[in-house]
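One structure coming up, written as structure tokens, with questions to follow.
The values are calculated or read from the model by the stated rules, or taken from the named source; none is laboratory data. Values in this document were obtained by computation on a predicted structure and should not be read as measured data. Glycine gets a Cβ as well: all are built from the backbone with ideal geometry, and neighbour counts include every protein chain shown.
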Amino acid sequence: MREKTQSTVVVTGGSRGIGRAICLAFATDRPRLFFNYRSDETAAAETLAACRAAGADASAKAVDVADGAAVAAFFKEILEATGRIDVLVCNAGITRDGLVMRMLPADWEAVIGTDLTGAFHCVRAAARPMARQRSGRIILVTSVVGAAGNAGQANYAAAKAGLIGLTKSLARELAPRNVTVNAVAPGLVDTDMAAALAPEARGALTASIPLGRIGTPEDVAAAVRFLVSDAAGYITGQVLHVNGGMYM
Ligand code: NAP
């Protein structure tokens with residue numbers, strides 16, 4: 001990431017939860033910050049105001065990452081405005097949980113379409129400008145579930161495992177152009193997504209965390225921030241687990 005001139009940072013799903021914490025972690029560097037979201041205008045407006053208050057030249061837009069044409073248009077606008085992309089964080093994600101024997105194909109496709117194909121659309125749009133400028137950082141937000149699996153989340157686990165393969169392949173493709181590609185794999189993090197868990201499941205999961213607490217969005221944002229820093233310049237193709245020790 002360039003230190004001296006204003007950098008361009010793009011965060012998907014930046015309006016709530018982990019994405020909001022990531023946007024705020026970057027905002028104090030005063031970047032050109034672009035984040036998207038799917039439909040929650042209120043959350044997006046709150047995050048936008050907080051990022052601007054922290055010093056970022058921030059913009060937000062409703063863009064469905066599963067829609068390849070919409071993603072291409074979003075990145076075209078960003079490139080027309082700034083001429084470069086220094087950091088891309090693919091964070092947007094959804095769950096549609098259920099056991100495989102009861103899972104509807106639509107629930108499989110929705111999760112793969114947003115969590116995996118959505119990230120593909122974004123990295124595809126950012127890879128060329130990063131390669132051309134011979135610098136860049138890409139972070140894909142995967143999950144502990146992508147490494148460990150989870151009953152009731154086959155669609156989500158498949159998408160998140162796919163992101164790990166995408167990370168490693170893209171890291172190899174872009175390393176000659178000085179672009180690093182890494183994944184951050186959160187465990188259980190206190191956001192709206194985790195709030196959807198039944199209280200018993202949440203209690204059992206918390207009990208399985210050696211550090212004895214659920215993660216915060218800021219725990220994850222700090223890991224993303226590290227992987228984007230100059231200190232992480234020799235790290236690529238890796239998965240950084242941020243999970244309190246629940247999976248080692
Ligand atoms: P969250 O609170 O539900 O927020 C999800 C964000 O993604 C929102 O900004 C949402 O926008 C956006 N989004 C969802 N679908 C989208 C789409 N099709 N196009 C564009 N934006 C979309 O989720 P979170 O807990 O912060 O999770 C963030 C990431 O971390 C996800 O990839 C998730 O899988 C991963 N993760 C979370 C946990 C956890 O325990 N929370 C654990 C491991 C991994 P709208 O509000 O407009 O829908």
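What number of residues in the range 7-20 are assigned to a helix (DSSP H, G or I) and either more than 8 Å from the ligand (Cβ to nearest atom) or not hydrophobic (A, V, I, L, M, F, W, C) (or both)? If you could, list the steps in order and put the result at the bottom.
Initially, the range 7-20 is screened for residues assigned to a helix (DSSP H, G or I), giving 17-20.
With the extra rule that they be either more than 8 Å from the ligand (Cβ to nearest atom) or not hydrophobic (A, V, I, L, M, F, W, C) (or both), the set shrinks to 17, 19-20.
Summing the residues that are assigned to a helix (DSSP H, G or I) and either more than 8 Å from the ligand (Cβ to nearest atom) or not hydrophobic (A, V, I, L, M, F, W, C) (or both) in the range 7-20 gives 3.
In the range 99-113, which residue that is closer than 12 Å to Gln153 by Cα and more than 17 Å from the chain's Cα centre (by Cα) is surrounded by the fewest Cβ atoms within 10 Å (Cβ to Cβ)?
The extreme case among them is Met101.
Run down Arg84, Arg96 and say which single residue is touching a residue at least 40 places away in the same chain (Cβ under 8 Å), among the basic types (Lys, Arg) and out of contact with any strand residue (DSSP E or B) (no Cβ under 8 Å at 6 or more places or on another chain).
Arg96 is the lone residue from the list that is touching a residue at least 40 places away in the same chain (Cβ under 8 Å), among the basic types (Lys, Arg) and out of contact with any strand residue (DSSP E or B) (no Cβ under 8 Å at 6 or more places or on another chain).
Then there is this: Which condition does Glu109 not pass, out of (1) touching a residue at least 24 places away in the same chain (Cβ under 8 Å); (2) within 16 Å of the ligand (Cβ to nearest atom); (3) more than 24 Å from Pro31 (Cα to Cα); (4) not polar (S, T, N, Q), if it passes all the others?
If we test Glu109 against (1) touching a residue at least 24 places away in the same chain (Cβ under 8 Å); (2) within 16 Å of the ligand (Cβ to nearest atom); (3) more than 24 Å from Pro31 (Cα to Cα); (4) not polar (S, T, N, Q), just (1) comes out false.
On to the next question. Please count how many residues of the range 1-27 are at pLDDT below 95 and not hydrophobic (A, V, I, L, M, F, W, C).
Of the residues in the range 1-27, 5 are at pLDDT below 95 and not hydrophobic (A, V, I, L, M, F, W, C).
In this structure, is Ala72 of a type in the set (A, V, I, L, M, F, W, C), at pLDDT 95 or above, more than 19 Å from the chain's Cα centre (by Cα) and not in a loop (DSSP other than H, G, I, E, B)? Steps first, answer last, please.
On the way: of a type in the set (A, V, I, L, M, F, W, C): yes; at pLDDT 95 or above: yes; more than 19 Å from the chain's Cα centre (by Cα): no; not in a loop (DSSP other than H, G, I, E, B): yes.
Here the answer is no, as Ala72 does not meet what is asked.
Yes or no: the range 213-224 includes at least one residue that is free of Cβ contacts under 8 Å to residues at least 12 places away in the same chain and either loosely packed, with under 13 Cβ neighbours inside 10 Å or away from the ligand (no atom under 16 Å from the Cβ) (or both).
No; the residues of the range 213-224 include none that is free of Cβ contacts under 8 Å to residues at least 12 places away in the same chain and either loosely packed, with under 13 Cβ neighbours inside 10 Å or away from the ligand (no atom under 16 Å from the Cβ) (or both).
Does the range 32-52 hold any residues that are of a type outside the set (S, T, N, Q), under 27 Å from Ala231 (Cβ atoms) and either within 12 Å of the ligand (Cβ to nearest atom) or more than 18 Å from the chain's Cα centre (by Cα) (or both), and which are they?
Phe35, Ala50, listed by residue number.
Return yes when Gly187 is within 13 Å of the ligand (Cβ to nearest atom), at negative phi and over 14 Å from the mean Cα position of the chain (by Cα) and no when it is not. Reasoning before the result, please.
On the way: within 13 Å of the ligand (Cβ to nearest atom): yes; at negative phi: yes; over 14 Å from the mean Cα position of the chain (by Cα): no.
When the stated conditions are applied, Gly187 does not pass them.
Which residue pairs have Cβ atoms under 8 Å apart, sit 6 or more places apart or on different chains, and have a first residue in the range 176-203 that is over 24 Å from Ala126 (Cβ atoms) and a second that is within 15 Å of the ligand (Cβ to nearest atom) and in a strand (DSSP E or B)?
Gly187/Gly215; Gly187/His241; Gly187/Val242; Leu188/Gly215; Val189/Gly215; Asp190/Gly215
Is at least one residue of the range 195-208 among the basic types (Lys, Arg) and under 21 Å from Gly14 (Cβ atoms)?
The answer is no, given that none of the residues of the range 195-208 is among the basic types (Lys, Arg) and under 21 Å from Gly14 (Cβ atoms).
Of the conditions (1) within 15 Å of the ligand (Cβ to nearest atom); (2) modelled with pLDDT of 95 or more; (3) surrounded by fewer than 16 Cβ atoms within 10 Å (Cβ to Cβ); (4) of a type outside the set (Asp, Glu), Gly203 fails just one. Which one is it?
Gly203 satisfies every listed condition except (2).
While we're here: Confirm whether Leu227 is of a type in the set (A, V, I, L, M, F, W, C) and crowded, with 18+ Cβ neighbours inside 10 Å. First the steps, then the outcome.
Details: of a type in the set (A, V, I, L, M, F, W, C): yes; crowded, with 18+ Cβ neighbours inside 10 Å: yes.
Taking the combined requirement at face value, the residue satisfies it.
Taking only the range 53-66 into account, find how many residues are near the ligand (Cβ under 10 Å from one of its atoms) and acidic (Asp, Glu).
1
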